[in-house]
C-alpha cells in the first residue's frame, strides 16, 4: 500500500478557521449544558476535556465520501465522553433533535455510553479498556483489505490502568499499524483521583508508548492547530499516539479539575453561570 495515501495533510489554515473551531467548541459546551438540565447525572466534565479533540476529528481529520458518509473510522473508547459525539452527530443530521431530547429516557436510543446500534457510532464502549483493542482489530482489518482507511480512537488516561489497553498497545506496535491514530485525553483524572498521584508508575507516557512500538508526541489537547500539526508531521510507518494535555471540565471555572463534575449535572444557578462563562462575544 502506498504510505502517502494515508498521510494527513496539514493544509495552511486561516486564522478565521481556527476562530470558527473555537466558536464551535464553545457552542458544543453550551449544548451539553442544555442537555444536562434534562437529567440529574451527566458526564459533563469528561466530555469537556475532549471537545477540541473530537471537533478536530469530525470537522477536519476524517475524510468523507461524496455521499457524505465518513470514509475513516472513529471509536470513542472513552465512552463517558460521548456527549460531545452525540452533539456533533446531531449537528450533522445523523442524530435528530428528538434523539437528544430523549437522552437517557426509557424509550430513547441514547444512553450514558455509546451503543453500536446508534447511527454514527462505530462501537459500544464505556467499559474502559476495550476500545483500543477494537480499534486495533479495525485497523488491522483495513490493512488486510488493502484500503487506505484511517482508524482514530480517543482514550482516557484512566483506561491505561487496564491490562487490555497495554495488550492492544503491544499488538498494534507489533503489527506496525500505521493506519491507527490514538488520542489520549490526558486530563490527569480517573474518577475522583488524580492519575499523577495514585499511579505514579504510569509516567513517563511518551517513553512507554514508544517502548511498545508506537510513534508518539505530546501537545496541548485544547489546541487544534498543534494537534493537527503533530498528526500531519508523523512519520506514518507505525501506530501513532498523541498524548493530549487537557483540563477536565475545561471552559467552566467551577468545574475545572474538580472531581465531582465527573458525575453530576449542574443546578439551575450553576447552569446559568456556566452559560455566562461560555458566552460567545461574537454572537
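Only the coordinates and a few stated rules stand behind these numbers; no lab work does. It should be emphasised that the depicted structure is a prediction, and the values quoted were computed from it without experimental measurement. Reconstructed Cβ throughout: ideal geometry from the backbone, glycine too, with neighbour counts over all protein chains shown.
Return a whole-number percent for the relative contact order of the chain, with Cα pairs under 8 Å and 6 or more residues apart as the contact set.
24 percent
When P(r) over Cα pairs in 10 Å bins from 0, in percent is calculated for this entry, the matching label among (i) 6, 27, 36, 24, 6, 1; (ii) 6, 21, 22, 14, 9, 8, 7, 7, 5, 2, 0; (iii) 6, 30, 37, 21, 5, 0 is (iii).
Beta bridges assigned by DSSP with both partners in the chain are antiparallel in approximately 10 percent of cases.
Using the alpha-carbon atoms, what tilt in degrees (0 to 90, nearest 10) does helix 82-91 show relative to the longest principal axis of the chain? It works out to around 80 degrees.
For the range 200-234, backbone nitrogen atoms closer than 16 Å to the point 7 Å from residue 170 Cα along Cα-to-C-beta are found at 208-214.
DSSP finds beta bridges in the range 146-283, and of those with both partners inside it, around 10 percent are antiparallel. Which of the three applies to the range 153-193, rounded, prolate or oblate, going by the alpha-carbon gyration tensor with a ≥ b ≥ c and a/c under 1.5 meaning rounded? Note, shape of the range 153-193 comes out oblate.
Put a dot 7 Å past the Cα of residue 63, heading toward its Cβ, do the same for residue 39, and the two dots end up 3.5 nm apart.
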